[in-house]
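Let me begin by presenting the structure, written as structure tokens, before commenting on it.
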């Protein structure tokens with residue numbers, strides 16, 4: 001145990017003493033802020049799109065379209081700005097399309113143009129756009145024309161315009177209730193378990209991904225410089241593997257503890273009620289232990305695998321080719337964890353929780369459903385059983401791979417797995 005701690009401390013200090021470690025800690029909030037602020041900065045730095053409306057329908061729909069696209073969007077910017085059509089007047093829709101087309105070029109004054117023409121007793125919209133990926137302006141134009149046509153039909157049916165105006169202003173007052181809420185009425189506190197579960201699953205995913213890179217680089221570097229052979233002459237394989245896993249866990253834990261402490265302090269100062277709700281949720285029914293169980297088990301399960309793979313690789317490039325399939329497998333929980341925010345009790349999520357590579361992520365995401373204790377115990381037991389099996393196989397495999405030279409050989413790897421059976 002003493003040698004294991006020494007190896008873990010050596011691994012920890014090897015990272016903590018580097019300038020890159022502290023730069024990563026300092027730059028982490030910059031990356032998070034950029035991720036959150038990028039859409040707002042993009043919206044504010046991008047000019048408001050210009051839209052020309054040419055109405056051949058005879059219904060005077062341009063004011064309705066102008067009102068619809070001028071409304072503020074979710075990022076505070078209007079969808080578009082209605083401008084006069086260059087080259088107007090036009091003789092017919094085909095003439096308008098032909099003459100507006102040059103204005104929609106890359107250096108033209110228009111971003112989009114809506115040409116309205118009669119179609120039976122309705123209206124057809126020929127929508128021209130420079131940006132075919134963004135359909136927000138197109139949708140607003142279609143919705144504005146649809147609403148105007150409905151009002152026209154109602155007026156034709158004899159409905160008083162003042163009645164129509166009062167109908168448009170009617171909006172129900174929605175109050176959300178749930179039997180899962182303590183007070184009956186749904187509040188932010190009732191949604192926090194799902195958000196916390198998703199955040200914990202994502203946190204574990206990032207820790208596993210970061211730890212994998214550190215473990216692989218450490219093993220490959222020490223194998224190529226023969227340091228690993230020296231370590232094996234003075235410490236057992238379990239001590240070396242355990243020390244490296246523990247050391248990298250301490251590195252990632254230091255980064256997480258640093259920024260989680262700052263986040264908790266900011267949240268406590270700025271939003272004390274939310275901080276209190278979070279603390280209450282984590283302490284309710286031992287939820288902090290629930291997260292800790294899957295966090296530790298998930299990290300050990302993947303770290304053991306990465307350490308073993310690293311022992312059989314001579315270069316980082318070779319390790320990356322072996323980890324490619326694993327990374328594809330690990331991308332699957334990301335898709336389903338996001339779905340767990342709205343459907344945490346979906347049968348598919350419950351089923352995926354029994355597949356060990358997905359267990360820690362899926363069980364964290366299912367926290368909002370308050371899964372029964374037997375499921376927690378059974379999935380955790382399965383996860384640790386798989387980890388134990390990995391360790392049982394990994395110890396002889398690591399020893400064989402660490403002493404091997406040359407490129408990865410699948411037959412040599414499989415032969416190393418049979419050593420345990422012959423001992």
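Please treat every number below as a calculation from the coordinates, not as lab data. Everything numeric in this text was worked out from a predicted model, so none of it was measured. Because the Cβ atoms are built from the backbone with ideal geometry, glycine has one as well, and the counts that use them run over all protein chains shown.
Before moving on, here are some points about what is shown:
- Percentage relative contact order, segment 50-169, counting C-alpha pairs under 8 Å, at least six apart: 28 percent
- Principal axis dimensions, segment 189-422 - Cα atoms, whole angstrom, descending: 58, 38, 28
- Degrees separating the helix 237-270 axis from the principal Cα axis of the chain, which is the longest one: 40 degrees
- Approximating the spin labels as points 7 Å out from Cα along Cα→Cβ, the residue 88-to-residue 195 distance works out to 4.6 nm.
- Between the alpha-carbon centres of segment 320-360 and segment 76-112 there is a gap of 47 Å.
- The chain - percent relative contact order, Cα under 8 Å, separation 6 or more: 17 percent
- Reported value for the chain: 241 Å³ per residue, from the convex hull of its C-alpha atoms.
- Angle of helix 287-311 to the longest C-alpha principal axis of the chain, folded into 0 to 90 degrees and rounded to 10: 70°.
- Helix 2-16 vs. the chain, principal-axis angle (Cα, 0 to 90°, nearest 10): 40 degrees
- In nm, spacing of pseudo-spin labels at residue 262 and residue 18 (7 Å Cα→C-beta vector): 2.0 nm
- Rounded Å value of the spacing that divides the Cα centres of segment 6-29 and segment 234-256: 13 Å
- Taking 0.36 nm per residue of sequence separation and removing the Cα-Cα distance, the residue 133/residue 59 pair yields an extension gain of 23.7 nm.
- Cα centroid separation - segment 125-151 against segment 280-312, whole Å: 49 Å
- Relative exposure of 309, 296, judged by other C-beta atoms within 10 Å (fewest first): 296, 309
- Going from the residue with the fewest nearby Cβ atoms within 10 Å to the one with the most, 66, 345, 277, 107 rank 107, 345, 66, 277.
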